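S.K.: I'd like to ask some things about the structure below.
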Amino acid sequence: MWTGYIEENLALKELLDTYPSYICHASGHVSKDDLVQFIEMVDPDIVIPVHTDIPEKLKRILPNRNVYVVNDKEPFII
């Protein structure tokens, strides 16, 4: 995540200060194997695919993970 989002959004800053988190930024495209390895390393409770044309594909790639596809303009409450 671009750190400017945090600096400009007090609610986001408070959320990130409240829950364990870290900033991870990457540019470019990731391979399927690298993405799976990263998700396994981080071991999140939920995975929300973003910046993809086929978010449902992640459900097939990670059948044992809680993958939640959020549609455009759909609110997601944590």
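The values are calculated or read from the model by the stated rules, or taken from the named source; none is laboratory data. Predicted model, so just to flag it, every value in this text is computed and none were measured. Cβ: placed from backbone, ideal geometry, glycine included. Neighbour counts: every protein chain shown.
S.K.: Please give the number of the condition Val69 fails out of (1) aliphatic (A, V, I, L, M); (2) surrounded by 10 or more Cβ atoms within 10 Å (Cβ to Cβ); (3) in a helix (DSSP H, G or I).
M.R.: The number of the failed condition is (3).
S.K.: May I ask you to verify whether Lys13 is over 15 Å from the mean Cα position of the chain (by Cα) and among the basic types (Lys, Arg)?
M.R.: yes
S.K.: Still on this structure, please answer the following. Of all residues in region 48-61 being out of contact with any strand residue (DSSP E or B) (no Cβ under 6 Å at 6 or more places or on another chain) and over 21 Å from Ser21 (Cβ atoms), which is surrounded by the most Cβ atoms within 10 Å (Cβ to Cβ)?
M.R.: Pro55
S.K.: If Leu12 passes every condition in (1) in contact (Cβ under 8 Å) with a residue 24 or more places away in the chain; (2) outside any loop (DSSP other than H, G, I, E, B) but one, which one does it miss?
M.R.: It is condition (1) that Leu12 fails.
S.K.: Give the residue that is nearest to the chain's Cα centre (by Cα), with candidates limited to residues of region 50-66 that are over 14 Å from Val30 (Cβ atoms) and not in a loop (DSSP other than H, G, I, E, B).
M.R.: Lys59
S.K.: Of all residues in region 20-49 being over 15 Å from the mean Cα position of the chain (by Cα) and assigned to a loop (DSSP other than H, G, I, E, B), which is modelled with the highest pLDDT?
M.R.: Only one residue fits best here, namely Ser31.
S.K.: So is His51 on the phi > 0 side of the Ramachandran plot and without any contact (Cβ under 8 Å) to a residue 24 or more places away in the chain or not?
M.R.: Spelling it out, His51 is indeed on the phi > 0 side of the Ramachandran plot and without any contact (Cβ under 8 Å) to a residue 24 or more places away in the chain.
S.K.: Filter region 29-47 for residues that are within 25 Å of Ala11 (Cα to Cα) and surrounded by 14 or more Cβ atoms within 10 Å (Cβ to Cβ) and give the result.
M.R.: Residue satisfying the conditions is Val47 alone.
S.K.: Can you say whether Pro20 is surrounded by 12 or more Cβ atoms within 10 Å (Cβ to Cβ) and out of contact with any Ser or Thr (no Cβ under 8 Å at 6 or more places or on another chain), as far as the supplied structure shows?
M.R.: No.
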